[in-house]
Each structure stands twice: as structure tokens, then as C-alpha cells.
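Rule-based calculations on the coordinates, nothing more; no lab input. Here the structure is a predicted model, which means the values were calculated and not measured. Positions of Cβ are backbone-derived with ideal geometry, glycine not excepted, and every protein chain shown enters the neighbour counts.
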């Protein structure tokens, strides 16, 4: 087959870049305006608006009977929304779920899913109708309250926006992901929104601080407790961006013999209960929740998740804090009020901006409905005048109708009637003539004239319009009042208890005794249990024991390096006793020219004396030695080639320091300042050589040392009188019996 040649004149050359930009922009705009972002005025996306309009057309009012969901979905996709039936049904289902929507717009009958994440039944099995909230969103739709446009096929009309006698955007919230932007608005309490709106009507320039006195925060359908501080909530509402930490609601139930269980009755919004329990069960198996023994789901219609502690001595608040840290018992709900402003422009609005646009929309709807009613009244008044003329001249009217060839034209000419009046008289039934009484006609005319005067005043006066809107909002607040099941606030506020992070960390570790072993070459391991001696320990070739001490898995270990740095390790993170352990260097970022000086267990509040080879040092609290990163914390500063050589505990009130020259100096500890970082002060002066050892002791106990044979020596302050001096002195030769190693030992 030969190729079909396209005539040169029919080929249109276009730039690929501009074509892609144009098409992608069209797709992005379509996604933003027709799918993902809600309209600020009624808080609905097109699919939800079309669902409610289709239900209105099917007359599925709150007091009517239910109809199959498939009928509703069929009308929506057939007339208004040419998309997949399952996506439309999913949208309908969500509007009916009281755990997903704060004020449901659809009253569902059948299986519409549950908080465990189970799906709803197929649309052929479920039935639906509108709720009173949906009714209020549609209120005035037939009274020219909003503009309509043609549907996608041009055969029907659909509303561009709903009249929205309900602040749906904030009351029910919305989420959506568009192209290059997203929206996330949590649900709020209608009573609080009404109060804020009423205040905004009265004081149009009200600030965010005042509005936050009414709208304190979101109100989720699943309840829970908001633990966000007021300042961040205010900032979120002011900027339109932020977030809210929401926690599960729980209480402790006392059992026999002092035992208890924790019962969770409300979980955070949009958290699936079954997946939450599954995640906790996995953490239990992984032994990451040592304070928790078991979890049970005893939920029926209401949520009841039972948490059983490991023992009755476990603090329930601490156990819950560990669960909040690791599970979705605490969830963060984001706020991003990115909406279609005036139905066209995507913008991030503040709380005030959203309420302002809803109120402005209500004003437009009010004026349009008033004008619609005025047109209806004018039309009716015109007909009533014609009826009155016909009543007063009934015989002549009948004669004209019976005898004239063109009765309509003759009626208009004889009685100066309009076309509408003459048509109404001609269309009047004979049976109406008997009832057509002048008094009734004049009464109706008088009533309509009075109503017309009121509506004319309303349309002309902005103050009257806001007065009417205030009445509507008050009626809304009364209907959904705080005493009603739907209007009562479900989410409360609290301050998260201040628990020490160390306590929470320890609570999440199984407490077990271990023996920490450090080798000469810097390999560390943690053996289970407290070993009495090191005879059974094995090491790599050319390696040996450097130090061994007892600890527990909940302890923090401080690693001191010769470079004056301190690193922090968790005893539970160390390799076990099988093998020779791992090098400390791969656990922390230690410089190659530095060595491990020692490792010890951190004791909060305890102090240590750090000293360098040049005989300088200072006292530091162990709390200041803790490092949050692998890089450690620089504590003792030195100039090369000096190193940190000692960091003994500073328990006592006197210091004994001995140099490699065997000179001993004793002076009060108070002569050394306590610092968190620095070079320190001179402890002892040397002509040559460096410091050999330091010991801090209490005056009452005296100074003790042990010789190479293991014999203990003790000298009181009186015995040491000739060695007592001031800081930075050289000292005197050590007393008789002092070890040749120049170390205090013991």
C-alpha cells in the first residue's frame, strides 16, 4: 500500500511548546474550577452541587420518601456530570456519612460505610434523600436567587452556585488536590459560625482576634480533643494556612484490686479505627510499646477501644503520651483555605474573608429573591386590576365575549386593559364568576400592595437587607442550637500535658539490666544482665577490655572523647552480646584524630569536672553534656596539641589534683566555676609535664587512694594541711604511700 499524501495546503504547523502550554493550562483551569476547589459561597464542588440539584429535581425533600441512590447517580451523570458513576456515588456516600461530614447533606438508608473504613453497599441497595441542611442550601433556588447555565449537552439548566442559607464551606469543610494547589478546610461548629457572622454584620471591620472569640477552632464529627495553642490557631485563621493537633478522647476505668484500663471513646478525624488498631498491634509485637499489654476493640455503635497497661503502676497519662507519639491517636489536621473566590479566582482566604464572601453572597441572594417576588406581585396586581374591572362590568364583559368576533381586542379597547389582563379575563373559568367578589379581590390587592411597598424598601435600603440577613442567621442558629444533637460542640480543647521527653522515651523502652563493655580499640556492646566479672568476655585479636559497668536499657550513655566532645548513646540501641559489638565511631561522628576517653551512665543533675592535659578545667552539669545529634557537643575547648584527659564525678567540696611530676595540690571546689562550655581555669601549674589524676572528695570523708597492692589509704583535711593551697599553685610532692602510678585509683 502506498502512503496517502496530505496536500501541502492542509498541513498546519504549530509550536510544540505553545501547544503544550495552552493545553496544560486548559486542563489545569478545568481541574481547579470544575473539580478540586470548592466555591467559597456555598462550599461545594460541582459534583456535590449537581447531586443536590438532581435530588431537588427528584423532589427528595427531607419529608419525602427515599429513592434508590442509583436513580440519583443516574440523573447526575446523565444530565449534569458526565463522569464515572462510581466517583459520583462515592461523593454521595460521603455526604451521608455522619463520621465524615459534620452536617450531612444526604439522609442515607442502608449501608453507607463505617468509621472502620468499610465501603458502602452498591448504589442499587442504598436509598437517599436530602437533609434539612441541604434544603437550606437550596432555599430560594426557584426564585431567581442565582444564575443558571446550560449543562454539558445544552439540553438542561443547572445552577452556577446555590443560594446557601448555611455557611457550608466552614461548617462541613472541604479537601481537594488541584494542579499546583490544594485545599484543606476542617469542619466547624455552626453556632460559632453564626455568632461570628452576626458580629461581622454588626462590625464589618472586626479583627481576627475578635472573630476567634466566637470561632475557637474546628469541630470534628468524630469529636476528639484539640491541643493546639491559641496563638497558632489565631495565626492559622488570620493567614488561611496552618494546622490543628487533634488527640483521641480517653479516660481510665478502675477495675478490682487497683487495676485499671484506659478506654478511648473518640478518635481523631479521618482516622480509620481498624487500621489504627492494626498499627498499635504491630507496635506491640515489635515491643515498641512496653507500657501497653493489650488492645481490644469493644466498639458497637459508639467507639470503645480498651487499652490494657502492663501493670497497675504504669502512669496512664504517660502511656497515652507514648501512644500519641507513635500512633494516629494524635493526628494533625491541616488548614489551607484555598477556595474559588466569587466562583472564579482561586485564593487563600482568612476566616474573616470566607465569612465576608458568604455574607455578601447572602445579600445578593436576598436582593434577587426580593426582585423576583416584586415581579410576581406586579404581575398579580395587574391581573387583579383586570379582575376588578371585569367584576364591575360583568354583564358587558360577558356580552363582548359572547357576541364579538375579537373579544380580546374589544375588551382591551373598551376597558383600557393590557394584553395580560384581557388574557386573564378570557381564561377565567365560569365557576369563578360566582366567587369573584369585590371584597376578596380588593383585600388581596391591598395585601400585595403593602407587601410590594415593604419589598421596595428592602431593595432600596442596605441597612434593611442586613437586618433581614441577621434574622435569617439567628433562625439558623436557633434551628441548629447548641442544645440540639447536631449543633452541640463535639470537639473540646485542652493543653497537652507537659511530659519530659526523656520520660516518654524511657516509657517506650523495655527496662532490662545490661552490662556495658568497651574495648581498648573502641568497640562497644551491651550484654543482658549484670555480669560480676569480665573473665568470660572475648575480644578481637590485639584488643582487650577498657572498661565495664552496669546499666539499664532505659539509660543514656555519655561518651567522652579526647577532643573535649561528648556524645549521647541509648543503652537500648547498643549491639547485643553476641560477637564483639560495634565500633563507637560508626555510631557517632568522631574525628579521626580523637580517641574515646571513657563512657559512663548519665545521671540527671550530677556534675563532672573536665580537665585537659595543660591542667585547665571547669565543673559542668551532666545535663549540659547531652547531645541531640551524632556530631556530639563540644564542651572543653583546647588548643593543639592538648587533649581532654579526665572527667571524674564532682561529688564533694574539695579537689585533689596530682601531676605527672608527683606534686599534689588540694583546694576547695568552689574556686572552680561551673560552666556549660569553655576552656576552663588553671587547676595546677607545671613547669613541664601534664596532669596525672584528679579526685573530688568531701571534707568529712577525707581523701582516699589505693596502691598497687590494693591497700586503701585515707587522709583527713588536717593530715593534708601542708598540701592545701589555692587553685593554680604547683603543689608539693605527694605523701608517703601514694601510688607510683600517680593515680588515686578506687
Subject >> the stretch 249-328 shape via C-alpha gyration tensor axes, a/c threshold 1.5 >> reply: oblate
**OP:** Using the number of other C-beta atoms within 10 angstrom as an exposure proxy, rank 719, 328, 483 with the fewest first.
**Re:** 483, 719, 328
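On a full-extension model of 0.36 nm per residue, what is the gain between residue 325 and residue 396, subtracting their alpha-carbon distance, rounded to one decimal in nm?
Separation in residues times 0.36 nm, less the Cα-Cα distance, equals 16.4 nm.
Taking the DSSP beta bridges in the chain as the whole, what percent of them are antiparallel, to the nearest 5?
On the way: 94 of 100 bridges.
Roughly 95 percent of the beta bridges in the chain run antiparallel, per DSSP.
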Subject >> Using alpha-carbon coordinates, inclination of helix 351-392 to the longest axis of the chain, degrees >> reply: 10
Original post:
Relative contact order (percent) for the chain, with alpha-carbon contacts under 8 angstrom and 6 or more residues of separation?
Top reply: 9
Original post:
Going by how many other beta carbons lie within 10 Å of each one, how would you line up 403, 451, fewest first?
Top reply: 403, 451
Subject >> 14 Å cut-off, amide nitrogen to a point 7 angstrom out along residue 342 Cα→Cβ, residues in the stretch 29-51 >> reply: 40-41
**OP:** Starting from the Cα-Cα distance between residue 637 and residue 621, subtract it from 0.36 nm times their residue separation and give me the gain in nm to one decimal.
**Re:** 4.2 nm
Original post:
Could you give the angle, 0 to 90 degrees to the nearest 10, between helix 230-239's Cα long axis and the longest principal axis of the Cα atoms of the chain?
Top reply: 50
Original post:
For the residues 29, 664, what sequence is obtained by ranking on other C-beta atoms within 10 Å, fewest first?
Top reply: 29, 664
**OP:** Compute the acute angle (0 to 90°) between the alpha-carbon long axis of helix 316-326 and the principal axis of greatest extent of the alpha-carbon atoms of the chain; round to the nearest 10°.
**Re:** 80
Subject >> Calculated [θ] (222 nm, deg cm²/dmol) that DSSP helices of n ≥ 4 give over the chain, each run adding -39,500 (n - 2.57) >> reply: -10000 deg cm²/dmol
**OP:** Find how many whole Å separate the alpha carbon centroid of the stretch 95-112 from the alpha carbon centroid of the stretch 340-370.
**Re:** 26
**OP:** Place the peptides 166-176, 314-324 in order of packing, highest mean first, counting for every residue the other Cβ atoms within 10 Å and averaging per peptide.
**Re:** 166-176, 314-324
**OP:** Would you mind getting me the FRET efficiency between residue 151 and residue 260? Use the beta-carbon distance for r and R0 = 60 Å, nearest 0.05.
**Re:** 0.50
Original post:
Expressed in nm to one decimal, what extension gain is obtained for the pair residue 286 and residue 239 from 0.36 nm per residue of sequence separation less their Cα-Cα distance?
Top reply: 12.7 nm
Original post:
How high is the relative contact order of the stretch 501-733, given as a whole-number percent (alpha carbon pairs under 8 Å, six or more residues apart)?
Top reply: 16
Original post:
What relative contact order, as a whole-number percentage, does the stretch 382-460 give when Cα pairs under 8 Å and 6 or more residues apart are counted?
Top reply: 38
